[in-house]
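Below is one structure; the comments refer to it alone.
What follows is calculated from the coordinates using simple rules that are stated; it is not laboratory data. Note that the structure is a prediction, hence the values are computed from the model and not measured. Reconstructed Cβ throughout: ideal geometry from the backbone, glycine too, with neighbour counts over all protein chains shown.
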Amino acid sequence: MKFAVITHVIHKKINHKFLAYAPYVREMNIWFKYVDKVKVVAPLKQQTKSALVSAYKHSHLNFIEVQGFSLLSLKEKLLTIFKLPLLIFQISKAMIWADHIHLRCPGNMGLLGCFMQIFFPYKPKTIKYAGNWDPDSKQPWSYKLQKWIISNPFLSRNMKVLVYGEWSNSSKNIIHFFTASFSENEIESFNKDFSGQLYFLFVGSLVEGKQPLYAIRLVEKLRSEGKKVSLKLFGEGSLKLDLEKYIQENNLNDFIQICGGVSLEELKAEYKKSHFSILPSKSEGWPKAVAEAMFFGCIPIATKVSCVPWMLGNGDRGILLSGKLEQDLNNILEALDNTTRLKMMSSNAMKWSRNYTVEYFEKEIAKLL
């Protein structure tokens, strides 16, 4: 099978290997196990060295470099008009070549791919919609347009659309899906002690949308209430210097630490010894950091976005954030006063997350191909 991937994910090339954001690449390498030849159509840029990237694994992989584009400003829109003819040619050529077309959405390349796939109604197609599928959420117009096209069986024929969470009134081509990071052989027994020092962690990009400062302020408030808590933040992003400045100016260095980007194996060790994982994100698809933490008994503390309430069992497997600092603080304080409930949430989180192993994920992908 010839498999074409259209994605907005930025890649880099090192020693004849193509690398990209590690969680994405780990997933794609599973898809690649079931195909003979691969073409990846995506932007290629020079990036600084990072622990958050991995290399594709396939003996017959051809990378098609395209220019990235944006629709955020008038200047960028005008530049996009000049880029479109070549982009359309490159995507069309890959789709003609492919036996199976795979789009990654939402994103600008995904948007263009959504339009182009209409002209290939008889080719098998899959779309991984990694964003928030909630029809009531506020999203950019381009995201809504992509969702409208791919959920329309007439425009998107012979297509399976993989979305996170379970949503009512979905079209017949929508498949409720998931993702996975850990294997069945990584399952261990945990019985965490919530009576002493409590370790919190934040895993995600240090950018406005993930709201790492909100996580810091929550732990800062918990400390001021006399709770023995500490926080480690794992990730990279544009807010790193601002966060370090806030920690320094407010004398939080003793219990809050920014650790940068680390490998999944290093994160695994942190999940094992931590009690809580905070992700006050403004928008999510399937937050890997939440599911990963739950796998090792960390109680997730996360915003009510996308499928997160479903993942957390509406409070049975974690604590849902409202985005209002004092309200969230009080809810967490109330939870900390009930260690029996905390142990139950930790156990429930583990049981739920361990349903979604890499082995199960691979079986479901194989069915799609």
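Most tightly packed first, judged by the mean number of other beta-carbon atoms within 10 Å of their residues, the peptides 184-196, 82-94, 342-354 read 342-354, 82-94, 184-196.
Taking every alpha carbon pair in the range 216-344, what does the distance histogram look like in 5 angstrom bins from 0, in percent? In whole percents, the pair-distance histogram is 2, 10, 20, 22, 25, 16, 6, 1.
Write out the trypsin sites (Lys or Arg not before Pro) in the range 100-139 meeting two conditions: DSSP loop, and at most 11 other Cβ atoms within 10 Å of their Cβ.
On the way: sites: ARG104, LYS125, LYS128, LYS138; in loops: LYS138.
In loop regions of the range 100-139 (DSSP not H, G, I, E or B), the sparsely surrounded trypsin sites (Lys or Arg not before Pro) are LYS138.
Exposure proxy ranking for VAL305, VAL207, based on other Cβ atoms within 10 angstrom of each Cβ and starting from the fewest, stands as VAL207, VAL305.
Given springs between every Cα pair under 10 Å in a Gaussian network model of the chain, which of VAL358, VAL290, VAL163 has the largest fluctuation? Maximum fluctuation in the GNM of the chain, among the listed residues, is at VAL358. Computed on the range 80-136, the Cα convex hull volume stands at 92 Å³ per residue.
Given a cut-off of under 8 Å on Cα pairs at least six residues apart, what relative contact order in percent is computed for the chain? Working shown, then result.
Numbers: 679 pairs, mean separation 53.3, N = 369.
Across the chain, relative contact order equals 14 percent.
Within the set LYS147/LYS324; LYS123/LYS210; LYS147/LYS351; LYS210/LYS245, which residue pairs have Cα atoms separated by over 26 Å?
Values: LYS147/LYS324 30 Å; LYS123/LYS210 37 Å; LYS147/LYS351 32 Å; LYS210/LYS245 18 Å.
Checking Cα-Cα distances, LYS147/LYS324; LYS123/LYS210; LYS147/LYS351 exceed 26 Å.
Under the definition of Cα pairs under 8 Å and six or more residues apart, what whole-number percent is the relative contact order of the range 188-353?
Working: 282 pairs, mean separation 41.0, N = 166.
It comes to 25 percent, rounded to a whole number.
Report the one residue of GLN327, TRP141, HIS275 whose Cα lies farthest in the direction of the positive end of the charge dipole of the chain (charges on C-beta: Lys and Arg +1, Asp and Glu -1; origin at the Cα centre). Of the options given, the answer is TRP141.
Given the Cα atoms of the range 139-207, and with Rh set as the inverse mean 1/r over their pairs in the Kirkwood sense, what is Rg to Rh to two decimals? Could the numbers behind the result be given before it?
On the way: Rg = 19.5 Å, Rh = 16.5 Å.
Using Cα coordinates only, the ratio equals 1.18.
Overall, the chain carries a charge dipole of about 1280 debye about its Cα centre when +1 sits on the Cβ of Lys and Arg and -1 on the Cβ of Asp and Glu, all other atoms neutral.
Among ILE278, ILE101, a tally of other beta-carbon atoms within 10 Å of each Cβ gives an order, fewest to most, of ILE101, ILE278.
Near GLU27: Cβ cut-off under 15 Å, other residues only, Lys/Arg at +1 and Asp/Glu at -1. The net charge is +3. Taking other Cβ atoms within 10 Å as a rough exposure proxy, TRP310, TRP141, TRP133 sort from fewest to most as TRP141, TRP310, TRP133. Across the range 3-110, the fraction of Cα-Cα pairs farther apart than 23 Å, rounded to a whole number, is 27%. Taken along its three principal axes, the alpha carbon spread of the range 103-238 comes to 61, 36, 28 Å, from the longest extent down to the shortest.
Taking label points 7 Å from Cα along the Cα-to-Cβ direction, ASN62 and LYS304 give a separation of 5.1 nm. State the answer as a single residue: which of ILE118, MET350, TRP286 lies farthest towards the positive end of the charge dipole of the chain, with beta carbon charges of +1 for Lys and Arg and -1 for Asp and Glu, about the Cα centre. Sorting the options by dipole projection puts first ILE118.
Return the Rg/Rh ratio of the chain with Cα-based radii and a Kirkwood Rh.
Values: Rg = 21.3 Å, Rh = 21.8 Å.
That ratio equals 0.98.
Note on LEU79 and ILE10: their simple-model spin labels are 1.2 nm apart, each label 7 Å out from Cα toward Cβ.
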